[in-house]
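The structure appears right after this line, and notes come after that.
What follows draws every value from the coordinates through simple rules; no lab data is involved. Just so you know, these numbers come straight off a predicted model, no measurement behind them. With ideal geometry, Cβ positions are generated from the backbone for all residues, glycine too; neighbour counts draw on all protein chains shown.
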Amino acid sequence: MKNVVRVDPQNPARAAIERAAELLRAGRLVAFPTETVYGLGAHALDPQAVRRIFDAKQRPDWDPLIVHVRDVGMARKLMKRQLPQFDLLAERFWPGALTLVVAKSGRVPDEVTARRPTVALRMPRHPVAAALLTIADLPVAAPSANRFGRPSPTRAEHVVEDLRDRVDLILDAGPTTLGVESTVLDLTQSPPAILRPGGVSREELQTVLGEMRIAPGVSDELAGRGLAGPGMTLKHYAPRAPVELFETNEQLEKRVLELQGQGKRVGMVVNSMDAAVLARTLFAQLRELDAQAVDVILCILPAAEGIGWAVRDRLFRAAGLPVGK
Ligand code: TXA
Ligand code: MG
């Protein structure tokens, strides 16, 4: 496709980044890699550009976007007030897979935040994202670059699959390294609340934050309670086939025999029981199994520690289960 440009993930060619930056300045859409998943970016201070994101993704307008920044200075300009906790967390985890929700300054358009008084900020670590933010020299609003309700894209091919010519340029730097989205931490609540588990683990956050809440509806923490808010919709990461989850191999094998006895085409998520590896490959595997038109997808859950907690959360959502089963 002519709007896909391959770039070196470590050392992207300047010409490609400049072209992408130029498009962003002109209010166009650029898909770019971050260390978590690919994002669908637009100039965050240009309401019309931001509206294009919602159109392209067919994302409901009540779901706010993450604003990506080049550095802490750029983030501060988008915040209503200074916040000691923000400084501590940014110091420790930025650039990285942590998104911080703070009170927004008047510069952030309502289109970005779905009319909320808060804004979600993240400084990504991926060299291509960092170069783009530096050269464009503007904050970039970007959700994951998938069609709403599809698994997040961890390869440029996934972006092409879902968005094709709805995006003006795709920077293809190969597969992303983490594979699950950033952790979203709400600093406007006291104590701060994890709205979405992700690339930075709860254990890591604990080393900086004394106290922490986990928003209702997140992962298997608080089964069956009400949903917390935007982005908490179950079925959010859903493949087309139903997903069934198991804690042990024995349970899974029993179910495979049962399903095969019924003549079902069984798809299995390959899980080496290394949660980081599963995180990196999960979304691509779900897409692949969908493409093979299996009748059902089975997976063993990783333990709920480190990045495993985020993977469990995505699997529960893919299964459309009241999280916590
Ligand atoms: O890793 C990531 O976070 C990727 C890359 C591209 O940065 N982005 C991503 O964006 O996953 P998205 O839009 O797919 O998910 C953003 C999440 C949503 O659950 C959204 O509801 C939440 O962040 N969010 C954004 N702004 C918020 C706000 N002001 N208050 C509460 N939640 C917010
Ligand atoms: Mg998303």
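Here are some notes:
- Stretching the chain fully between A291 and W62 yields a gain of 79.4 nm (0.36 nm per residue, less the alpha carbon separation).
- Screening the chain for whole DSSP H helices of 30 Å or more along their axis (Cα) with average Kyte-Doolittle hydropathy at least 0.0 returns none.
- Bins of 20 Å from zero: percent of alpha-carbon pairs in the chain: 33, 58, 9, 0
- The stretch 32-80: C-alpha gyration tensor shape, a/c 1.5 cut-off, then a/b vs b/c: oblate
- Summary of the geometry: the stretch 282-305 and the stretch 161-211, compared by the centres of their Cα atoms, lie 20 Å apart.
- Among L282, L259, L245 - extreme Cα towards positive end, dipole of the stretch 243-318, charges at beta-carbon: L282
- Non-local lysine pairs in the chain, meaning eight or more places apart or on different chains, with alpha-carbon distances under 19 Å, amount to 6.
- Taken over the stretch 30-118, the convex hull of the Cα atoms encloses 93 Å³ per residue.
- Listed peptides 155-163, 82-90 by packing density, highest first (mean Cβ within 10 Å): 155-163, 82-90
- Highest average packing first - 30-40, 58-68, 250-260, 166-176, Cβ atoms within 10 Å: 30-40, 166-176, 58-68, 250-260
- Rounded to the nearest 20 debye, the dipole magnitude of the chain is 860 debye, with +1 charges on Lys and Arg beta carbons, -1 on Asp and Glu beta carbons, and the Cα centre as origin.
- Extension gain for Q260 to A26 (0.36 nm times residue separation, less C-alpha to C-alpha distance): 78.8 nm.
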